[in-house]
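The values are calculated or read from the model by the stated rules, or taken from the named source; none is laboratory data. What you see is a predicted model, and the numbers here were worked out from it, not measured in a lab. Glycine also receives a Cβ, built like all others from the backbone with ideal geometry; neighbour counts cover every protein chain displayed.
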């Protein structure tokens, strides 16, 4: 067991000879994460529909919670009083907290532009971003200044401010093993000039966050000396900005790195962003990719040297009836489909998750169509276990020098989308 | 293990010397139910928010599913094709199906009168019941005739008909161990004349249901020879009607009995209904009370000679944050209460359920207030385990001759309701 007073360390054990893919151990005070690894999204200190023990039973190694959501409810002081994220939730393994920068973005430009990390819907014109962003109903939800971000609580409407310093203090109280500094996310619809200004602000905020983190290291009123701070690279889908951000953030002395913000307007752009960014980051530190988790993306990102990945899509898809099955179109089937009405097979005959060892597609389809809450947990357990086993397979292939063959196998078996799928 | 081709039998093992309470074994093809027992409500072949294995792990003995809901979705043919309720859901223990009579009532007079089993809200006048009942929007949802009940599907709006015969055929296909015949439920707001007519129809339907059940017993196209048919006593809150119904239904040769329909306008009326009814039912058969499950009601009904009880309230309360704790007002606390914000205790320090052995009130309160789906399962597991242990205690007290003392202890520790409770 790792030393609970030690910060995070990362050791690369194996490298793929044909790509940047690597496999290693990310050691934290709460256990070792074998990488590449999928990080479960526990926004409000729970993965949606699953209690922590169910996640541990299914081999999930690490969770990421959200600073913005936990600050608003129940508040970091409450979480701290109950022993931090670990004591509070009962999850005993490694944890991360995202900084809330993306949530602030979602309330502002993300809402205005109607986009997430990768824009797939293009409005008629790129509306010039305003500094005072307005969402539905004309009510200002976010105001960004050099100091930080002012926003209204989605819980009670109260005015709140995040600064690079306050976010670090909140995350120190939440107590995750790996924490991230406040950043300014941009939309794929922001222009070069705006994206550049936001990146430069993200760099200034990163410096302030790092300074605050070091200041609090010696402060006995802040527990959790085991924490590590990872820097976030921004720069949108612009090559020179991504390269600049990787060099600047990479040179600040962070314990590891995350690639954040807009990853472009298409999958190709996303991969180019990774191609530009990753080789400029310090080789010996862990690299996290924020908010990406489709199966083909996981292979592509591992190939480009990313180590960990979080994404809400696999759990959200599950709740909608879309569950992973290797070889199906996009490696998933939708249990709502009529052809499963009397299908006695498990979702995936090769899967060892609770759901596949206990229930048929027919029963799951019934629960899904009836809107039964029990469905959400069963479907989510399968999708997470599927990703856990996928990442195990990826790690084994890197060790064995067969990552390329594994990638090719998965790409070849994902048949084109049929009507009615996913 | 009981013989899977044998029907249900009931053996009384212990009797309380001071009341009609008794403890026994209700033997089914899928296991023995030790009585008195709480029956988990699995309307659509799942207890809301809990997979069958979780129920078994928490000691639940028997589930009741609903003929009306399963007929509409996924349909009895589908359930039968997948091995009946047991094969379909993966629940291997004893099961019951309610007939759908109460659901038909809920769409008709129950909706019109705005009441359930016990009326607690009295409209200005008792509107005379109409034969063609109209619900919101003026759309007729149910029409009762001597043949049966015509109603519109809540799933797709299609017209359906239940007859006493068709309901038995549906239940034979669903395959529960104990099935109930179609009955006509009445509201506490129905007058004597209406209630008497409905009771008489229920008796005629009971005879038809029993005849259909016997007819199908020799038919090889209907599997599940292990099934038993329980008769339902009606008669509202009128003494002579309840007594007549108990004698008539009690004399028809059913394998056991259920007390159904309106149990009056108050708890006192409900208890009088049981006082009138139960002593007239055959002593050697099991007696089920439909839809009652508050703790004080369980004690009162056991005292009056009831053996099994189903009720959706404990699971519904759980989903709303209201969880059982002996000694609290009405033996429950509401986790939404601010006083639990930093409470590190489990819901019930004496409880051995998954929730109490893994999570604090503070974390559960957070999940509840955040609307997290994971909360529903955790809270429901506790409430069901609490009832399982309560019934274990009741059985032990009947064996030991201390049922009266146990009742008195629970009544004494339920403190009067404080502000803000439950």
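Some notes on this structure:
- Screening A:402, A:397, A:374 for residues that are buried (at least 19 other Cβ atoms within 10 Å of the Cβ) and either over 30 Å from residue B:72 (Cβ atoms) or at pLDDT below 95 (or both) leaves exactly one candidate, A:397.
- Near pairs, Cβ below 6 angstrom, 6+ apart or cross-chain, from region A:1-15 (modelled with pLDDT of 65 or more) to any residue that is exposed (fewer than 15 other Cβ atoms within 10 Å of the Cβ): A:14/A:399
- Members of region B:230-259 that are surrounded by fewer than 22 Cβ atoms within 10 Å (Cβ to Cβ) and under 19 Å from the mean Cα position of the chain (by Cα): B:255
Residues checked against (1) surrounded by fewer than 18 Cβ atoms within 10 Å (Cβ to Cβ); (2) on the phi > 0 side of the Ramachandran plot; (3) in a helix (DSSP H, G or I); (4) within 14 Å of chain B (Cβ to nearest Cβ):
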site	(1), (2), (3), (4)
A:336	yes, no, no, yes
A:366	no, no, yes, yes
A:379	no, no, yes, yes
A:383	no, no, yes, no
A:389	no, no, yes, no
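- Every listed requirement among (1) closer than 17 Å to residue A:229 by Cα; (2) in contact with a helix residue (DSSP H, G or I) (Cβ under 7 Å, 6 or more places away or on another chain); (3) surrounded by fewer than 21 Cβ atoms within 10 Å (Cβ to Cβ) is met by residue A:59 save one, (1).
- Residue in region B:319-327 that is outside any loop (DSSP other than H, G, I, E, B) and within 10 Å of another protein chain (Cβ to nearest Cβ) present: yes
- Filtering region A:189-205 for residues that are in contact with a strand residue (DSSP E or B) (Cβ under 6 Å, 6 or more places away or on another chain), surrounded by 24 or more Cβ atoms within 10 Å (Cβ to Cβ), in contact (Cβ under 8 Å) with a residue 24 or more places away in the chain and over 13 Å from residue A:255 (Cβ atoms) leaves an empty set.
- When region B:354-364 is filtered for residues that are in contact with a helix residue (DSSP H, G or I) (Cβ under 8 Å, 6 or more places away or on another chain), more than 9 Å from chain A (Cβ to nearest Cβ) and under 19 Å from residue B:54 (Cα atoms), the ones remaining, listed by number, are B:356, B:364.
- Enumerated helices (runs of 4 or more DSSP H) restricted to region B:179-278, each holding at least 2 residues that are closer than 30 Å to residue B:77 by Cβ: B:192-217
- Taking the criterion of being surrounded by fewer than 19 Cβ atoms within 10 Å (Cβ to Cβ) and assigned to a loop (DSSP other than H, G, I, E, B), no residue of region A:295-309 qualifies.
- Screening region B:68-97 for residues that are at positive phi and in contact with a helix residue (DSSP H, G or I) (Cβ under 7 Å, 6 or more places away or on another chain) and picking the one that is nearest to the other protein chains (Cβ to nearest Cβ) gives B:90.
- Residue match in region B:206-229 (condition: touching a helix residue (DSSP H, G or I) at 6+ places or on another chain (Cβ under 6 Å) and under 28 Å from residue B:398 (Cα atoms)): yes
- Residue check for residue B:332: assigned by TED's automatic domain parsing to the domain that holds residue B:405 and at negative phi: yes
- Test: residue in region B:47-55 that is buried (at least 18 other Cβ atoms within 10 Å of the Cβ), at pLDDT 95 or above, assigned to a loop (DSSP other than H, G, I, E, B) and more than 13 Å from every other protein chain (Cβ to nearest Cβ): no
- For region B:260-269, the criterion of a residue being buried (at least 24 other Cβ atoms within 10 Å of the Cβ) and either without any contact (Cβ under 8 Å) to a residue 60 or more places away in the chain or not assigned by TED's automatic domain parsing to the domain that holds residue B:228 (or both) is satisfied by no position.
- Output for region B:338-353, where each listed residue is touching a residue at least 12 places away in the same chain (Cβ under 8 Å) and within 13 Å of chain A (Cβ to nearest Cβ): B:340, B:341, B:342, B:343, B:344, B:345, B:346, B:353
- Pairs are defined by a Cβ separation below 6 Å, a sequence spacing of at least 6 or placement on different chains, a first member in region B:303-320 that is on the phi > 0 side of the Ramachandran plot, and a second member that is assigned to a helix (DSSP H, G or I); the pairs so defined are B:305/B:278.
- Matching residues, region A:347-369, being out of contact with any strand residue (DSSP E or B) (no Cβ under 9 Å at 6 or more places or on another chain) and within 17 Å of residue A:390 (Cβ to Cβ): A:349, A:350, A:352, A:353, A:356
- Residue within region B:107-120 that is within 14 Å of chain A (Cβ to nearest Cβ), modelled with pLDDT of 70 or more and either crowded, with 23+ Cβ neighbours inside 10 Å or more than 23 Å from residue B:192 (Cα to Cα) (or both) present: no
- Only one of the numbered conditions (1) within 14 Å of another protein chain (Cβ to nearest Cβ); (2) out of contact with any helix residue (DSSP H, G or I) (no Cβ under 7 Å at 6 or more places or on another chain) is not met by residue B:315, and that is (2).
- Of the residues making up region A:347-364, those that are part of a loop (DSSP other than H, G, I, E, B) and crowded, with 19+ Cβ neighbours inside 10 Å are A:347, A:348, A:351, A:353, A:359, A:360.
- Scanning region B:43-90 for residues that are in contact with a strand residue (DSSP E or B) (Cβ under 6 Å, 6 or more places away or on another chain) and closer than 20 Å to residue A:342 by Cβ gives B:45, B:65, B:67, B:85.
- Members of region A:81-95 that are assigned to a loop (DSSP other than H, G, I, E, B) and surrounded by fewer than 24 Cβ atoms within 10 Å (Cβ to Cβ): A:82, A:83, A:90, A:92, A:93
- Boolean, residue A:287 is closer than 24 Å to residue A:56 by Cα, under 25 Å from the mean Cα position of the chain (by Cα) and outside the structural domain of residue A:262 (by TED's automatic domain parsing): no
- Filtered by the rule that a residue be surrounded by fewer than 24 Cβ atoms within 10 Å (Cβ to Cβ), more than 14 Å from chain B (Cβ to nearest Cβ) and either assigned to a loop (DSSP other than H, G, I, E, B) or at pLDDT below 95 (or both), region A:22-46 gives A:29, A:30.
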